[in-house]
Amino acid sequence: MEQQYKDILDLMRKCGEIIKNADRESIAIDEKTGRANFVTEYDRMVQDKLNQGLSEIVNDALFVGEEGETNTFSSKGKYFIVDPIDGTTNFIKDYHMSCISVALMKDGEAVFGAIYNPYLDEMFYAMKGEGAFCNEKKIHVSSEPLSNGLVLFGSSPYKAELSKKSFEVAYDFFTKALDIRRSGSAALDLCAVAAGRAELYFELNLQPWDYAAGSLILTEAGGVITDFEGNELVFDRPCSVLARNGVTEV
Ligand code: IPD
Ligand code: CA
Ligand code: CA
C-alpha cells in the first residue's frame, strides 16, 4: 500500500481514540436542520483534525466534510469526502456503533476509501482495482440469496417525509429475507455487506459523505451499488442507495 494511504489510516486511528475517549459527562450537542439531526463538539473536533492531517498527507487535495460550513463537490481533480462521525446519534447514546469515513476522489470517482470503527478496532479500506480489506485481510461479499440473507436499512431519520416509505420497503424486504437490522451507521452497513456479514443495504436518502468510501469498499469486495432506480451513484449531491452482493435479486 502506498505510504500516503498508510498515513491516512494512522490518522483515522488517532481520530478513533478521540471518539472512544470522549468525556461523556459533558458532550456539547447542537441541533441541525431536519428531524433529530445533531452535531457534537466531537464531530467538529475530529473533522478539524482530519482536515488538517489529510491536507498534509495529500497536499493537492481539497476537503469536503459533513460539518463544513460550505461544501463544494467537484468532478475535477482530487478531493476528500469525509464523515468525521458516521452514527452521531449512536455516539451521543454511547451505543458503540459509529465510525470515521474518508474517501479520496479523483475526477469524480473514489480511488481510495477507508472506514474505521474504533469500538471494534476494525479498519475497512479499498484502493480502486486492488480489492477491499478489513484489518489487512481481504474481504468479499457473500454469495447467499436474499431468501437466506440479512437486510440492513437506514431510516433516513432527518427526512420525516421518507419514514413511511422506508419502513414499507423494509417490510417488503423482511418478508423476503431472514430478518432486517438497523445499525445507525450507513458507512458500517456498507462495510457489513462488503464483508459478507449481510446481503443487502438500502436507504432512501443519503449524503455523499455517508457512502463515498463505503461504495468503493463494497464494489472492490465484489458487491453492486446503485441508487434505488438502478442508476450509478452520484457524489455531488444526495441520493438513494441500494447495495447488495452480486447474487441478491431485487
Ligand atoms: C447518518 C447515519 C444513519 C443514516 C443517516 C445518516 P450521521 O449519518 O449514517 O445510519 O440512517 O441517513 O445521515 O448523521 O450519523 O453522520
Ligand atoms: Ca453520516
Ligand atoms: Ca456524521
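Quick query: amide H of Leu200 versus all other amide H atoms, modeled in the peptide plane; which residues come in under 5 Å with a sequence gap of 5 or more or a different chain?
It is Leu150, Leu152, by chain and number.
When the helix-only estimate is applied to the chain (DSSP H runs of n ≥ 4, each -39,500 (n - 2.57), divided by the residue count), what is the mean residue ellipticity at 222 nm, nearest 500 deg cm²/dmol?
Here the helix-only value at 222 nm equals -9500 deg cm²/dmol.
Want the number for Asp227 to Lys128: 0.36 nm per residue separation, take away the alpha-carbon distance, what's left?
So the chain would gain 33.6 nm between Asp227 and Lys128.
Tell me, what ³J(HN,Hα) does each residue in the range 48-60 have, in order and in whole Hz, if you take phi through Karplus 6.51 cos²θ - 1.76 cosθ + 1.60 with θ = phi - 60° and put x for Gly and Pro?
Along the range 48-60, the couplings run 4, 5, 5, 4, 5, x, 5, 6, 6, 6, 10, 7, 9 Hz.
Report the label-to-label distance for Asn59 and Asn135 in nanometres (one decimal), using points 7 Å from each Cα along the Cα→Cβ vector.
3.6
Quick one: work out the % antiparallel among DSSP beta bridges in the range 32-135, nearest 5. All intermediate terms of the calculation are to be shown ahead of the outcome.
Working: 23 of 27 bridges.
Antiparallel bridges make up about 85 percent of those DSSP assigns within the range 32-135.
Determine ³J(HN,Hα), in whole Hz, for all residues of the range 23-40 in sequence, where each value follows from phi through the Karplus function 6.51 cos²θ - 1.76 cosθ + 1.60 and θ = phi - 60°; x replaces Gly and Pro.
Result, rounded to whole Hz: 6, 6, 6, 9, 8, 6, 10, 10, 8, 10, 5, x, 7, 6, 10, 10, 9, 10.
Any idea what the relative contact order of the chain is, in percent, if you count C-alpha pairs under 8 Å spaced at least 6 apart?
Relative contact order for the chain comes out at 18 percent.
How large is the convex hull of the C-alpha atoms of the range 107-228 per residue, in Å³?
That works out to 105 Å³ per residue.
Kindly provide the Kirkwood hydrodynamic radius of the range 1-125 in Å, to one decimal, from all pairs of distinct alpha carbon atoms.
14.9 Å is the Kirkwood radius here.
Each residue of the range 11-21 in turn: what ³J(HN,Hα) in whole Hz from Karplus with 6.51, -1.76, 1.60 and θ = phi - 60°, glycine and Pro shown as x?
Coupling constants for the range 11-21: 4, 5, 5, 5, 5, x, 5, 4, 5, 5, 9 Hz.
Write down Rg/Rh for the chain, rounded to two decimals, with Rg from the C-alpha atoms and Rh from the Kirkwood relation over Cα pairs.
0.94
What nm distance separates the two modelled labels at Asp48 and Phe174, each placed 7 Å from Cα along Cα→Cβ?
Calculated label separation equals 4.3 nm.
Would you mind pulling out the separation of the Cα centroids of the range 1-28 and the range 184-250, in Å?
If we compute the Cα centre of each part, the gap is 24 Å.
For Lys32, which lysines qualify as cross-link partners when the Cα separation must be under 16 Å and same-chain residues fewer than eight apart are set aside?
Leaving aside lysines fewer than 8 places away in the same chain, those within reach of Lys32 are Lys159.
Based only on Cα atoms, what Rg/Rh ratio does the range 154-199 have, Rh being taken as Kirkwood's radius?
When Rh is taken as the Kirkwood radius, the ratio is 0.99.
Where a number appears in this text, it was derived from the coordinates with a stated rule and is not lab data. These figures come from a predicted structure and were not determined experimentally. No Cβ is skipped: glycine too gets one built from the backbone with ideal geometry, and neighbour counts run over all protein chains shown.
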